[in-house]
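What follows draws every value from the coordinates through simple rules; no lab data is involved. Note that this is a predicted model, so its numbers are computed, not measured. Here the Cβ positions follow ideal geometry from the backbone for every residue, glycine too, while neighbour counts run over all protein chains shown.
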Amino acid sequence: MRALTFHGVEDVRLTQVPDPTLLDPRDALVVPLRAAICGSDLHAVQGREKGLDTGTVLGHEIYGEVLEVGSEVQEIGPGDRVVAPFTTSCGKCVPCLNGLTARCELGQLFGWSSNGQGLQGTQADLLRVPLADSTLVRVPAGVSGARALLSGDVLSTGMFCALQAGAADCETLAVVGAGPVGLMAALCALHLGADQVFVLDSVAERLELAARFGASPLSIVDGAARKELLKITAGRGVDAVCECVGSPAASRASIDLLRAGGTLSAVGVHTEDSFAFSPGEAYDKNLTYRAGRCPARALMDTTLPLALDTTWPLEELFTHRVPLESGPDAYRIFGAREDGCIKVLLELG
Ligand SMILES: NC(=O)c1ccc[n+]([C@@H]2O[C@H](COP(=O)([O-])OP(=O)(O)OC[C@H]3O[C@@H](n4cnc5c(N)ncnc54)[C@H](O)[C@@H]3O)[C@@H](O)[C@H]2O)c1
Ligand SMILES: [Zn+2]
Ligand SMILES: [Zn+2]
């Protein structure tokens, strides 16, 4: 089959790889009809995250059709249209029962294989899904696959970030980073009831989309964003920050925007060894810090209906819709934030 595979920093190729097969009675094989490229794919491709095996099939966002299921799969069957969260989960272990499906004791991340162990990704003609009954979510016929796919990652991650920030009780909330995740965090924070949501980034077209979503865009280019937010909050800082970047600079910016007693909700994937702020600064701010991988499977019960609600302007995220063959070029454009690229949808099938 065809697949987008990882071959080193800035080296994504369209290659032929063997078709996956059912390896366990709980597996399903799914034909991806839509896949997408996520900012998380860029961490390995741009060299910030180490350890990904050469030849790994990339990607963890998918809407597709079930081709075949193992003998123990009962809830879904061939022909079903499904979406998957970006990690698999059993639905039965203590983390799963606590709603932390991203830390399932049997869970794996799609598109992450290290030292020969792990799971291949969604940017291919066929995908093996372990723990299919508790991982996959059936989607009604006739819905937009692109919209449905968003509930498996960036919409759920944005929702997770906004919930962890306590958005419902915020008068002022700042989102640092207006990539797809930050844009979804802004939309979710407004949905949950935050009064004023500010979105900080340097990329003009991403800030424009934030404004169309109902948030207040603030460019970080001239360094005035912090001053502006301090002015708006009478010098105190905002109630909460959703950090949707995953870099020391973004962490630093986030803590500088927060009021005393504020919450920093970080979903950006951090690959550095130490915090960009000191324990003393956290103490002096009476900081609440919440971070981590989104339990997308648990949140999909809430976010899939939102994704399918056509009053939510989600399709605007997909600035680029391309076939799988254009994947290597699409990685480059998305990674460089060229050509107004916000999110790439790979159209297969
Ligand atoms: N926690 C999770 O479960 C989870 C799930 C999905 C994605 N992520 C992570 O979320 C982050 C964002 O993902 P994405 O797809 O939106 O990525 P993206 O790369 O498309 O977007 C990141 C945005 O941040 C902006 N940015 C960079 N530095 C900044 C700074 N100092 N201040 C303000 N803005 C800054 C960039 O211009 C860009 O628009 C990534 O780290 C990704 O790995 C986490
Ligand atoms: Zn992702
Ligand atoms: Zn589990």
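Summary of values
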item	result
Residues Cys104, Cys244, Cys188 arranged by fewest to most Cβ contacts within 10 Å	Cys104, Cys188, Cys244
Those aspartates and glutamates that a straight Cα-Cα span of less than 17 Å connects to Lys92, excepting residues fewer than 8 apart in one chain	Asp27, Glu72, Glu75, Glu105, Asp133, Asp301
Signed unit charges on C-beta, dipole axis of the chain, positive-most listed residue Cys90, Val267, Leu173	Leu173
Förster radius 30 Å - calculated FRET efficiency between Asp169 and Glu208 (Cβ-Cβ, nearest 0.05)	0.60
Theoretical FRET efficiency, 1/(1+(r/R0)^6), r = Cβ-Cβ of Lys92 and Ala234, R0 41 Å, to 0.05	0.25
Whole-Å distance, taken between Cα centres, linking segment 274-306 and segment 318-349	28
q = 0.14 Å⁻¹, the chain: log10 I(q)/I(0) [Debye, one scatterer per Cα]	-1.11
Nonlocal amide H pairs with Val344, under 5 Å, H built at 1.01 Å	Ile37
Partner lysines for Lys50 [C-alpha distance under 25 Å; skip if fewer than 8 residues away on the same chain]	Lys343
Radius of gyration and Dmax over the Cα atoms of segment 155-291, both given in Å	13.1, 39
GluC sites (Glu not before Pro) restricted to segment 1-73 and DSSP loop, no more than 14 other C-beta within 10 Å	Glu10, Glu72
Cβ-placed point charges (K, R +1; D, E -1), dipole of the chain about Cα centre in debye, nearest 20	520
Choice from Gly235, Gly166, Gly246 showing the highest fluctuation, given a GNM over the chain with Cα pairs closer than 10 Å	Gly235
Within segment 201-281, GluC sites (Glu not before Pro) in DSSP loop having at most 14 other beta-carbon neighbours inside 10 Å	Glu272
Whichever lysines have a C-alpha closer than 22 Å to that of Lys285, once near sequence neighbours (fewer than 8 apart) are set aside	Lys227, Lys231
Loop-resident sites, segment 220-299, for chymotrypsin sites (Phe, Trp or Tyr not before Pro), counting at most 15 other Cβ within 10 Å (DSSP)	Phe275
